[in-house]
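**Q** For reference, the structure I am asking about is given below.
The values are calculated or read from the model by the stated rules, or taken from the named source; none is laboratory data. Since we're looking at a predicted model, the values are computed, not measured. Reconstructed Cβ throughout: ideal geometry from the backbone, glycine too, with neighbour counts over all protein chains shown.
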Amino acid sequence: MRHETGPDPTRRGGEPVRYAEAPSVRCDVYVEAAPSRVWSLVTDIALSARLSPELQRAEWLEGAEGPAEGARFAGYNRHRMIGEWRTVSHVVELEEQRVFCWAVVDEDGRFGTPSPRPASPLATWRFELEPEGAGTRLRQIARIGPGRSGVSLAIDRTPEREEEIVAFRITELRTNMEATLRGVKALAEQPGQTRAATG
């Protein structure tokens, strides 16, 4: 499992990163399976809920049955520090077997004024797939902010600890992403699956 290379993603130029800067984290893993197989897993939002420690359940909205640019899905989340909440995600970029990206919004106003527009998300998530040898390089990227989120609530309570709060959340996301990537890798590499996707 590889993390983002270079400087700590919670710091830029040696200075702590603040929430308004929309800090990000990325992890990647090599999967011994064809991109088509990996793609079928990462675009299955029900599977994402099974693999994620935080996302409990997900469902497509408005009749959508799978990923398409502009499609929306609801996510039901749980965190030990802030309880349970619902988000709505908009698929903002989709390239078959290459990119699956969605912007998460607080449509219900759990963290402040309801913000249904994907232009100001509370987070943006992205899977990138790249053929590599006989398999696939799978990369997951998460960017928090600039819209209000649970991190915003924590900063509101103790603004003097903003950098520490952001760093904690980035570390937490990295741990969750590693769990998700390990799960996808294990499923994709199950006997009978790795070569099946190649025909």
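Let's see how each residue does on (1) loosely packed, with under 14 Cβ neighbours inside 10 Å; (2) touching a helix residue (DSSP H, G or I) at 6+ places or on another chain (Cβ under 7 Å):
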| residue | (1), (2) |
| --- | --- |
| R50 | no, no |
| E54 | no, yes |
| E59 | yes, no |
| E62 | yes, no |
| G66 | yes, no |
| M81 | yes, no |
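**Q** Condition (residue is in contact (Cβ under 8 Å) with a residue 60 or more places away in the chain, among the hydrophobic types (A, V, I, L, M, F, W, C), surrounded by 15 or more Cβ atoms within 10 Å (Cβ to Cβ) and farther than 18 Å from A20 by Cα) applied to region 149-171: is it met by at least one residue?
**A** Checked against the condition, which is being in contact (Cβ under 8 Å) with a residue 60 or more places away in the chain, among the hydrophobic types (A, V, I, L, M, F, W, C), surrounded by 15 or more Cβ atoms within 10 Å (Cβ to Cβ) and farther than 18 Å from A20 by Cα, region 149-171 yields no hits at all.
**Q** A further question follows. Collect the residues in region 9-61 that are part of a loop (DSSP other than H, G, I, E, B), more than 14 Å from the chain's Cα centre (by Cα) and modelled with pLDDT of 95 or more, keeping them in residue-number order.
**A** E32, A33, A34, L61, listed by residue number.
**Q** Further question on the same structure: Tally time: how many residues in region 82-100 are free of Cβ contacts under 8 Å to residues at least 12 places away in the same chain and under 16 Å from L138 (Cα atoms)?
**A** Counting residues in region 82-100 that are free of Cβ contacts under 8 Å to residues at least 12 places away in the same chain and under 16 Å from L138 (Cα atoms) gives 1.
**Q** Also: Restrict the check to region 128-140 and report whether at least one residue is over 10 Å from the mean Cα position of the chain (by Cα), on the phi > 0 side of the Ramachandran plot and not small (G, A, S). Steps first, answer last, please.
**A** Taking region 128-140 first, the residues over 10 Å from the mean Cα position of the chain (by Cα) are 128-139.
When the remaining residues are screened for being on the phi > 0 side of the Ramachandran plot, the result is 133.
The next check asks that each one be not small (G, A, S); those that pass are none.
Among the residues of region 128-140, not one is over 10 Å from the mean Cα position of the chain (by Cα), on the phi > 0 side of the Ramachandran plot and not small (G, A, S), which makes the answer no.
**Q** Tell me whether region 112-124 contains one or more residues that are touching a Phe, Trp or Tyr at 6+ places or on another chain (Cβ under 6 Å), at negative phi and modelled with pLDDT of 95 or more.
**A** no
**Q** Taking region 18-48 on its own, how many of its residues are under 30 Å from R161 (Cβ atoms) and buried (at least 21 other Cβ atoms within 10 Å of the Cβ)?
**A** Within region 18-48, the subset under 30 Å from R161 (Cβ atoms) is 18-27.
Among the residues that remain, those that are also buried (at least 21 other Cβ atoms within 10 Å of the Cβ) are: 23, 25, 27.
Count: 3.
**Q** May I pose another question? Restricting attention to region 103-116, report how many residues are touching a Lys or Arg at 6+ places or on another chain (Cβ under 8 Å) and in a strand (DSSP E or B).
**A** 3
**Q** Of the residues T158, T113, T180, only one is more than 16 Å from P35 (Cβ to Cβ) and within 14 Å of the chain's Cα centre (by Cα); which? Full working, then the answer.
**A** Details: T158 fails: within 14 Å of the chain's Cα centre (by Cα); T113 fails: within 14 Å of the chain's Cα centre (by Cα).
The match here is T180.
**Q** Look through T124, T136 and report the one residue that is of a type in the set (S, T, Y), assigned to a strand (DSSP E or B) and within 19 Å of V166 (Cβ to Cβ).
**A** Working: T136 fails: within 19 Å of V166 (Cβ to Cβ).
None of the others qualify; the one that does is T124.
**Q** Go through region 184-198 and give me each residue that's in a loop (DSSP other than H, G, I, E, B), surrounded by 13 or more Cβ atoms within 10 Å (Cβ to Cβ) and modelled with pLDDT under 95. Outline the logic, then answer.
**A** First pass over region 184-198, keeping only residues in a loop (DSSP other than H, G, I, E, B): 189-195.
Subsequent filtering for residues that are surrounded by 13 or more Cβ atoms within 10 Å (Cβ to Cβ) retains 189, 193-195.
Those that are in a loop (DSSP other than H, G, I, E, B), surrounded by 13 or more Cβ atoms within 10 Å (Cβ to Cβ) and modelled with pLDDT under 95: Q193, T194, R195.
**Q** Can you confirm whether Y76 is within 30 Å of G135 (Cβ to Cβ) and of a type in the set (S, T, Y)? Please lay out each step first, then the result.
**A** Numbers: within 30 Å of G135 (Cβ to Cβ): no; of a type in the set (S, T, Y): yes.
No.
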